[in-house]
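S.K.: Please read through the structure below; I'll follow up with questions.
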């Protein structure tokens, strides 16, 4: 575990493995645990996997503002420069996928490959998706953990309380939902500027069912993988998602 202060915010960062840098971004209301307990260990066999709690999330500093795509992409740019300035690959889930997308548009020379898991477009639609998913945040957090960690979390009431307190802060005291609803769509001509290989991963019961069709039509080097599950693919289909990501980044 490491703490890094960039853009005036302290971020909690985890590293696994060695090799070319691969950054993995979770969705709003989540934490790096959604990748740490699922795909990250497998990808770390060939990559230097870097995970971080987005601003205001998990163990990163709680700040009330800055949840728009431009600011969060700037956070990633600063962290990537701090930890490993080499060209990187990206995996993003839900709103984290939109942050990865925005980073790629802002810094195309820094990105080698891009995987977007359940990216919601237009971005404002993420507000409804993430609000729905946050109805039982502790259960979602536990579902992403191995059984032994689930039991430890239940025994450790203080830790469970910190998780819920962090999530309440995000939803009730920050500008996150307002920032989400103000976020404009990304125009097709901007998306078409992305020339890197792109993996699109969506669930067959996705809340974003029309998005992959649009992205396939505008991203020059995109390919689509459909998995059994809904919007919560890291939880619904962890093994299948891990396999799809490993094949994409190792291929």
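S.K.: Under 9 Å between Cβ atoms, which residue pairs at least 6 apart in sequence (or on different chains) link something in the stretch 124-136 that is outside any helix (DSSP H, G or I) with a partner that is surrounded by fewer than 14 Cβ atoms within 10 Å (Cβ to Cβ) and modelled with pLDDT of 75 or more?
M.R.: Final answer for the pair search is 124/181; 124/182; 124/184; 124/185.
S.K.: Which condition number does residue 98 fail, the rest of (1) touching a helix residue (DSSP H, G or I) at 6+ places or on another chain (Cβ under 8 Å); (2) more than 20 Å from residue 218 (Cα to Cα) being met?
M.R.: For residue 98, the exception is condition (2).
S.K.: Now, a different point. Looking at residue 186 and the list (1) within 19 Å of the chain's Cα centre (by Cα); (2) buried (at least 21 other Cβ atoms within 10 Å of the Cβ), which single condition is not satisfied?
M.R.: For residue 186, the exception is condition (2).
S.K.: Which residue is surrounded by the most Cβ atoms within 10 Å (Cβ to Cβ), if the candidates are limited to the stretch 19-66 and must be within 15 Å of the chain's Cα centre (by Cα) and assigned to a strand (DSSP E or B)?
M.R.: Out of the qualifying residues, it is 24.
S.K.: Here's another thing I want to ask about it. Answer yes or no: is there a residue in the stretch 75-82 that is closer than 13 Å to residue 186 by Cα and within 16 Å of the chain's Cα centre (by Cα).
M.R.: Initially, the stretch 75-82 is screened for residues closer than 13 Å to residue 186 by Cα, giving none.
No; the residues of the stretch 75-82 include none that is closer than 13 Å to residue 186 by Cα and within 16 Å of the chain's Cα centre (by Cα).
S.K.: Follow-up question, since we're still on this one. Consider only pairs whose beta carbons are under 8 Å apart and that are at least six residues apart or on different chains; among these, list those whose first residue lies in the stretch 11-32 and is on the phi > 0 side of the Ramachandran plot and touching a residue at least 24 places away in the same chain (Cβ under 8 Å) and whose second residue is part of a loop (DSSP other than H, G, I, E, B) and buried (at least 23 other Cβ atoms within 10 Å of the Cβ).
M.R.: Sorted first by the residue in the stretch 11-32, then by its partner, the pairs are 17/47; 19/47; 29/57.
S.K.: When the stretch 76-95 is examined, which residues are found to be part of a loop (DSSP other than H, G, I, E, B) and out of contact with any helix residue (DSSP H, G or I) (no Cβ under 8 Å at 6 or more places or on another chain)? Steps first, answer last, please.
M.R.: If we filter the stretch 76-95 for residues that are part of a loop (DSSP other than H, G, I, E, B), which is where we start, we get 84-87, 94.
If the condition is that a residue be part of a loop (DSSP other than H, G, I, E, B) and out of contact with any helix residue (DSSP H, G or I) (no Cβ under 8 Å at 6 or more places or on another chain), then 84, 85, 86 are the ones that fit.
S.K.: So which of 158, 168, 162, 190 ends up being assigned to a helix (DSSP H, G or I) and at pLDDT 85 or above? Lay out the reasoning, then the answer.
M.R.: Working: 158 fails: at pLDDT 85 or above; 168 fails: at pLDDT 85 or above; 162 fails: at pLDDT 85 or above.
Selected residue: 190, the only one of 158, 168, 162, 190 that is assigned to a helix (DSSP H, G or I) and at pLDDT 85 or above.
Table: residues versus (1) more than 12 Å from the chain's Cα centre (by Cα); (2) surrounded by 19 or more Cβ atoms within 10 Å (Cβ to Cβ); (3) modelled with pLDDT of 95 or more.
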{"site": "86", "(1), (2), (3)": "yes, no, yes"}
{"site": "98", "(1), (2), (3)": "no, yes, yes"}
{"site": "104", "(1), (2), (3)": "yes, yes, yes"}
{"site": "110", "(1), (2), (3)": "yes, no, yes"}
{"site": "115", "(1), (2), (3)": "no, yes, yes"}
{"site": "119", "(1), (2), (3)": "no, yes, yes"}
{"site": "131", "(1), (2), (3)": "yes, no, no"}
{"site": "136", "(1), (2), (3)": "yes, no, no"}
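S.K.: Looking only at the stretch 1-56, how many residues end up being at pLDDT 95 or above, under 20 Å from residue 98 (Cα atoms) and out of contact with any strand residue (DSSP E or B) (no Cβ under 9 Å at 6 or more places or on another chain)?
M.R.: Selection size over the stretch 1-56: 1.
S.K.: I need the full set of residues from the stretch 213-234 which are part of a helix (DSSP H, G or I) and surrounded by fewer than 20 Cβ atoms within 10 Å (Cβ to Cβ), in order please.
M.R.: To start, the set of residues in the stretch 213-234 that are part of a helix (DSSP H, G or I) comprises 213-218, 233-234.
213, 214, 216, 217, 218 - these are the residues of the stretch 213-234 that are part of a helix (DSSP H, G or I) and surrounded by fewer than 20 Cβ atoms within 10 Å (Cβ to Cβ).
S.K.: Next question. Out of the stretch 191-235, which residues are over 24 Å from residue 249 (Cα atoms) and touching a helix residue (DSSP H, G or I) at 6+ places or on another chain (Cβ under 6 Å)?
M.R.: 207
S.K.: Let me ask another. Within the stretch 61-75, track down each residue that is in contact with a helix residue (DSSP H, G or I) (Cβ under 9 Å, 6 or more places away or on another chain) and on the phi < 0 side of the Ramachandran plot. Before the answer, list the steps.
M.R.: Keep residues of the stretch 61-75 that are in contact with a helix residue (DSSP H, G or I) (Cβ under 9 Å, 6 or more places away or on another chain), which gives 62, 64-75.
Scanning the stretch 61-75 gives 62, 64, 65, 67, 68, 69, 70, 71, 72, 73, 74, 75.
S.K.: Hey, another quick one. Do you know which residues across the stretch 200-228 are at pLDDT below 95, closer than 14 Å to residue 117 by Cβ and in contact with a strand residue (DSSP E or B) (Cβ under 9 Å, 6 or more places away or on another chain)?
M.R.: 206, 208
S.K.: So, in the stretch 202-212, how many residues would count as being buried (at least 16 other Cβ atoms within 10 Å of the Cβ) and assigned to a loop (DSSP other than H, G, I, E, B)?
M.R.: 3
The values are calculated or read from the model by the stated rules, or taken from the named source; none is laboratory data. A quick note: this is a predicted structure, and the numbers were derived from the prediction, not measured. Neighbour counts are summed over all protein chains in view; Cβ atoms, including those assigned to glycine, are modelled from backbone coordinates with ideal geometry.
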